[in-house]
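For reference, the structure discussed in these notes is given below.
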Amino acid sequence: MIKSWRKIYAKNDNIKAYTLLSPALILVILAMVVPMVLMLSFSMFTQVSMMEIDYTFTFQRYIDFFQKNLLVTLLIKSIKISFLVTLITLITAYPVCYYIAFYVKKNKMLWLVLLTLPFWTSYLLRVFSWKIILGTKGVINSSLINAGILNEPLTFLMYSETAVVITLTHAWAAFALLPLYVSLDKIDFSFIEAGRDLGLSRFEVFWKITFPLSLPGVIGAILIIFIPTVGDYVTPALLGGIEGRMLSNMIQAYFGKINNIPMGAASATIMLTTVVLITIIVSNVTKRLTQRLT
């Protein structure tokens, strides 16, 4: 039996591949698939009391979600904030990566290390640092007041959507730099020279050659930033206040203080489904855009 299995294993490359992948597959199943199945299951139960759950399957929690305007509003706000964070991060990170890829001739890795150096510190420390910077008595307001530009501190900087967008943009900028730089650095410079030789302007070379060839990095950066930030709850909890609260904060409250696990699981499932659908749409749109530009 063992000898026959060895012969099958030696001849079948697929079995070899799955054997090598088995540790990673087991980890993915235990860390992702099982929790998602449990979350989906709990979303169809009913919280009878603080300590009791009715395990009868029902879709009432999903109906309750869309009947509550607050939850739908928080979902839309979460998507909007994440979209702004993604857009601002791409606009700020792309020129930096472009400069390093095409204009820096030596020590490119040193530039990347220096750019990512601030992100070596703890995520919470960076969030608290922005709390000090954006506060009513923080660095920005104190500087403007001492300079005589303002008489009163700017209140919209703290405990608002603005604070959440600024902090998340700074926190996730490093994750956009690497995929953008890799895609730009792999572009064959002869393509750009050929475009210039054909009489294309700098903008036309960028739009017709450089940008289409760098789209894989752009797509990667979009997905890396959008997916985690739409579900972030630490930054909105510390800097968002009531105005900057996101759906993830409500989900955390359902699993915590409110102690309504089925409603929290249903809200998380709806958020996950929404993010997956948006990701699929973005991928399809960018693929079509790539085909048209190339």
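Remarks
- So LYS7, is it in contact with a helix residue (DSSP H, G or I) (Cβ under 8 Å, 6 or more places away or on another chain), at pLDDT below 90 and charged (D, E, K, R): no
- Count of the stretch 259-294 residues which are at pLDDT 85 or above and not polar (S, T, N, Q): 16
- Count of the stretch 30-70 residues, restricted to those that are touching a Ser or Thr at 6+ places or on another chain (Cβ under 8 Å), over 11 Å from MET263 (Cβ atoms) and not hydroxyl-bearing (Ser, Thr, Tyr), is 5.
- From the list GLY195, GLY220, the one residue that fits, being in a helix (DSSP H, G or I), touching a Pro at 6+ places or on another chain (Cβ under 7 Å) and of a type outside the set (A, V, I, L, M), is GLY220.
- In the stretch 257-285, the qualifying residues are those that are more than 15 Å from MET39 (Cα to Cα) and free of Cβ contacts under 8 Å to residues at least 24 places away in the same chain, and the one that is surrounded by the most Cβ atoms within 10 Å (Cβ to Cβ) is ILE258.
- The stretch 93-127, residues that are more than 20 Å from the chain's Cα centre (by Cα) and over 18 Å from ALA176 (Cα atoms): TYR103, VAL104, LYS105, LYS106, ASN107
- Test: residue in the stretch 172-181 that is surrounded by fewer than 21 Cβ atoms within 10 Å (Cβ to Cβ), under 12 Å from the mean Cα position of the chain (by Cα), not in a helix (DSSP H, G or I) and not basic (Lys, Arg): no
- The residues on offer are LEU74, LEU115, and the sole one that is among the hydrophobic types (A, V, I, L, M, F, W, C), more than 30 Å from ASP185 (Cβ to Cβ) and in contact (Cβ under 8 Å) with a residue 40 or more places away in the chain is LEU74.
- Restricted to the stretch 119-159, and to residues there that are of a type outside the set (A, V, I, L, M) and in contact (Cβ under 8 Å) with a residue 40 or more places away in the chain, the residue that is nearest to THR229 (Cα to Cα) is TYR123.
- Check on THR235, under 22 Å from ALA176 (Cα atoms), at pLDDT below 90, in contact with a helix residue (DSSP H, G or I) (Cβ under 7 Å, 6 or more places away or on another chain) and in a helix (DSSP H, G or I): no
- Residues of the stretch 142-200 that are among the acidic types (Asp, Glu) and over 28 Å from GLY240 (Cα atoms): ASP185, ASP188, GLU193, ASP197.
- Some residue of the stretch 201-209 being out of contact with any Phe, Trp or Tyr (no Cβ under 8 Å at 6 or more places or on another chain), closer than 18 Å to LEU84 by Cα, part of a helix (DSSP H, G or I) and modelled with pLDDT of 85 or more: no
- Of the helices (runs of 4 or more DSSP H) lying entirely inside the stretch 15-133, the ones with 3 or more residues being surrounded by 11 or more Cβ atoms within 10 Å (Cβ to Cβ) and either β-branched (Val, Ile, Thr) or in contact with a Phe, Trp or Tyr (Cβ under 8 Å, 6 or more places away or on another chain) (or both) are found at 69-102, 108-116.
The values are calculated or read from the model by the stated rules, or taken from the named source; none is laboratory data. This one's a predicted model, so the numbers in the text were calculated from it and none came from an experiment. Every residue, glycine as well, gets a Cβ built from its backbone with ideal geometry; the counts of neighbours run over all protein chains shown.
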